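Please treat every number below as a calculation from the coordinates, not as lab data. Computed from a predicted structure; not experimentally measured. Cβ sites come from the backbone with ideal geometry, for glycine too, and all protein chains shown count toward neighbours.
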Amino acid sequence: MILSGFRIDRGLACAMAMMAAAMLAPRASAQEPPVHDNPIRSFVLVDQLEYAFRKDANAIRFNGLSWIGGDYNRLWINTEGSKATNQSVEDTDVQLLYGRLIAPFWDVQGGVRYFRPRANAPSRGSAVIGITGLSPYRFEVQAASFISTKGEVSGRVELEYELYMTQRLVAQPRFETNVAIQRAPELGIGRGFNDAELGIRLRYEIKREFAPYVGVSWTSRFGETADFARARGDTVRTLGFVVGVRMWR
């Protein structure tokens, strides 16, 4: 009986020691300093690389962005442009931006911009301040204001939405508009709303990183900007069928 009681007491003591160790272990680990992990990453997206069939002139168009940095601070490069058949590159827009995360999925951006609306038009350098992110209902938003070296103030808003019809088939509606505070006749830009683009592209993701697409795109100029286009003999409104590819890495 004495031996049996000794065994019970020794077993109870071992169990209590194990419980005490388990209770102390989390406290010890909780006192360890946190690990700050913010690796440098990069991302490249070619959102549009397409050929547009239009009534006035067929054209190649590109629109992409890239960034490098961590979770809070990033260096961005945005670029877009188009090239009509037998013409030089136009609508050239290149932006170099610093971005700072201010809320989940939202970055405020600031930097510089190079813009040239037509091959035979002068170029403009501008300061840029904007915001980009994912709004409620998953609309991708890009909004920016520009102040050129000539003191001209303008702005742009872009909206995109991705509608997954299947795991690989995705419809992507897109809207863009530009507005200017001052006239810039040498650039063909008037005061007020300059233009708008509305389109939809249907892509098939062969891989998540590679997806060919087809779609339609409608563009229109307004107000003084439309008057400048007519004076040059350019089309004010166009409706085109597009074929292209979307890639990211």
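Stretched out fully, how many nm does the piece from residue 150 to residue 231 gain, at 0.36 nm a residue minus the Cα gap?
Numbers: separation 81, 0.36 × 81 = 29.16 nm, distance 2.36 nm.
That pair, residue 150 and residue 231, stretches by 26.8 nm at full extension.
Pop out the Kirkwood hydrodynamic radius of region 24-171 from its pairwise C-alpha distances, inverse of mean 1/r, in Å to one decimal.
In region 24-171 this quantity evaluates to 18.2 Å.
So what does log10 I(q)/I(0) come out to for the chain at q = 0.07, 0.11, 0.13 Å⁻¹, using the Debye formula with one equal point on every Cα and no solvent?
Cα-only, vacuum Debye calculation for the chain: -0.36, -0.68, -0.90.
Report relative contact order for the chain in percent, whole number only (criteria: Cα-Cα under 8 Å, sequence separation at least 6).
Details: 579 pairs, mean separation 33.2, N = 249.
Reported relative contact order: 13 percent.
May I ask you to order 84-93, 172-181 by the average number of other C-beta atoms within 10 Å around their residues, highest value first? Show your work: numbers first, answer last.
Details: 84-93: 14.0, 172-181: 17.6.
In decreasing order of mean packing, 84-93, 172-181 become 172-181, 84-93.
Using 0.36 nm per residue, how much length does the chain from residue 160 to residue 138 gain when fully extended, once their Cα-Cα distance is taken away?
Details: separation 22, 0.36 × 22 = 7.92 nm, distance 0.89 nm.
This chain segment gains 7.0 nm when fully extended.
Extending each Cα 7 Å along its Cβ direction at residue 183 and residue 197, get the distance between those two points in nm, one decimal.
2.7 nm
Counting residues in region 147-227 as N, plug N into 2.2 N^0.38 Å and put the Cα Rg over that result. Could you put the intermediate results ahead of the total?
Working: Rg = 16.9 Å, N = 81, 2.2 N^0.38 = 11.7 Å.
Cα-based Rg divided by the globular estimate yields 1.45.
Determine the shape class of region 97-142: with a ≥ b ≥ c the square roots of the Cα gyration tensor eigenvalues, call it rounded for a/c under 1.5, and otherwise prolate if a/b is greater than b/c, oblate otherwise. Intermediate results must be reported in sequence, preceding the final value.
Working: a/c = 5.82, a/b = 2.07, b/c = 2.81.
In terms of gyration-tensor shape, oblate.
Which residues does the label zone of residue 96 cover in region 74-88, counting backbone N under 18 Å from a point 7 Å along Cα→Cβ?
74-80
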